[in-house]
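Okay, structure first, notes after.
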Amino acid sequence: MKKLRIPLSVITLSLLVSPVFAAENLPRKPFGLDALLPEPSQWIVTPLYQYTDFQKVWAGKSKTDITYPEGHGFDQNDFAILTEWGFRTNWAADLTVGFTDLATRAYSDTPGAVRHTRGLMDTQFGVRYLLLNEKDADSPWTPTLTLRAGGIYRGTYEKDFPYAPGNGAVGLEVATMMRKHFGWRGFGGYLTGGYRDLRSGANSQFFATVGFTQVYKCVTLNAGYRHQQDTTGGDAVSTGNSIDGNKITYTSFVKEVNEEVEAGIGYTDHHDRHWQFYWQANFDGRNTGDKDVYGVYVSFPFGGKHKDG
């Protein structure tokens, strides 16, 4: 980040803001890829890196610039390991652990200084069951359909940090993931949905994705829509643009809503390793950052051939 001068008004703003606004930060494989399970006795280990940045936020439905004067807002780096184990036919367990680092100058109480929060990300764990598999079905209309039940355990970052990198909560999650090939060769779609029942001072959430996929030889292209929203909560209140010294006030439980597009390209090599790049961006929202998210991962299968749908 470049050296930045911050006026006293912005420093005062950072002290006036009630720092209880957290963002969803639970990275998983995008594009419904969780519908695909490892084979029995197979392990799949996936190192993942994800970068997120934003310079504007929605307070309610009003978008506000939080930077001054050179576009410095929030920068977040996530490093995670996703581990999957096929413990029997049609069953798999998964665990995601990682480290997060969120940095800002817009909310620093020292002019030009970078303010950080670092620590373990919210840990995710669960069990998936492959209910339907289009490859083995007699009917051409049968999709690949997977059910998941799991849990979330809060990380060690500062929960009260402005725009904290996670919900800082303990909770349960249920979800469904579906993929289906249709139309011309290699073309298909994906659909996911789920609910998180979060405790310890966080709002519960609904989330869903829908999109299309195209496979050509070893390359896969994906594009779709993502939605995530809290079930309850009020709006953050903006009294103006932060660079003018006006404050943004948050309630204890703001209702975050994210409307995003997503796209990505994947490649499966001759060793069955799957390399994936993805991008997500807000086109609308409520009480959330106007984010761009860039992610990359590679899945390493051990103990069998990795099935890719």
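Structure values in brief
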quantity	calculated
Complete set of residues in the range 278-303 that are more than 19 Å from residue 264 (Cα to Cα) and assigned to a loop (DSSP other than H, G, I, E, B)	287, 288, 290, 303
Qualifying residue in the range 29-52 (condition: surrounded by fewer than 22 Cβ atoms within 10 Å (Cβ to Cβ), within 23 Å of the chain's Cα centre (by Cα) and modelled with pLDDT under 95)	no
Residue count for the range 32-63, restricted to those that are more than 20 Å from residue 235 (Cβ to Cβ) and of a type in the set (Phe, Trp, Tyr)	3
Residue in the range 151-165 that is nearest to residue 141 (Cα to Cα), counting only those that are part of a loop (DSSP other than H, G, I, E, B) and touching a residue at least 60 places away in the same chain (Cβ under 8 Å)	165
Residue list for the range 123-160, restricted to those being at pLDDT 95 or above, within 18 Å of the chain's Cα centre (by Cα) and charged (D, E, K, R)	148
Some residue of the range 208-231 being among the hydrophobic types (A, V, I, L, M, F, W, C), modelled with pLDDT under 95 and over 26 Å from residue 300 (Cβ atoms)	no
Any pair with Cβ under 8 angstrom, 6 or more apart, that starts in the range 170-193 at a residue that is of a type in the set (Asp, Glu) and ends at one that is surrounded by fewer than 18 Cβ atoms within 10 Å (Cβ to Cβ)	173/149; 173/151; 173/195; 173/197
Candidate set: the range 127-148, residues that are of a type in the set (S, T, N, Q) and touching a strand residue (DSSP E or B) at 6+ places or on another chain (Cβ under 6 Å); chosen: the one nearest to residue 196 (Cα to Cα)	146
Residue list for the range 95-112, filter: in contact with a Phe, Trp or Tyr (Cβ under 7 Å, 6 or more places away or on another chain) and under 17 Å from residue 122 (Cα atoms)	95, 98, 99, 100, 102
Among the residues listed as 293, 261, the single one being under 22 Å from the mean Cα position of the chain (by Cα), modelled with pLDDT of 90 or more, surrounded by 20 or more Cβ atoms within 10 Å (Cβ to Cβ) and of a type in the set (A, V, I, L, M)	293
Failed item in (1) touching a Lys or Arg at 6+ places or on another chain (Cβ under 7 Å); (2) more than 26 Å from residue 232 (Cα to Cα); (3) part of a strand (DSSP E or B), with residue 145 passing the rest	(1)
Failed condition for residue 149, given (1) in contact with a Leu (Cβ under 9 Å, 6 or more places away or on another chain); (2) aliphatic (A, V, I, L, M); (3) under 24 Å from residue 280 (Cβ atoms)	(3)
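Let's see how each residue does on (1) aliphatic (A, V, I, L, M); (2) more than 17 Å from residue 80 (Cβ to Cβ); (3) surrounded by 14 or more Cβ atoms within 10 Å (Cβ to Cβ):
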residue: 97; (1), (2), (3): yes, no, yes
residue: 102; (1), (2), (3): yes, no, yes
residue: 105; (1), (2), (3): no, yes, yes
residue: 108; (1), (2), (3): no, yes, yes
residue: 114; (1), (2), (3): yes, yes, no
residue: 124; (1), (2), (3): no, no, yes
residue: 132; (1), (2), (3): yes, yes, yes
residue: 139; (1), (2), (3): no, yes, no
residue: 143; (1), (2), (3): no, yes, yes
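Conditions tested, residue by residue: (1) crowded, with 18+ Cβ neighbours inside 10 Å; (2) out of contact with any Asp or Glu (no Cβ under 7 Å at 6 or more places or on another chain); (3) part of a strand (DSSP E or B).
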| site | (1), (2), (3) |
| --- | --- |
| 167 | yes, no, no |
| 173 | yes, yes, yes |
| 197 | no, yes, yes |
| 220 | yes, yes, yes |
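The values are calculated or read from the model by the stated rules, or taken from the named source; none is laboratory data. Quick caveat: nothing in here was measured; it's all calculated off a predicted structure. Note that we place each Cβ from the backbone using ideal geometry, even for glycine, and neighbour counts take in every protein chain shown.
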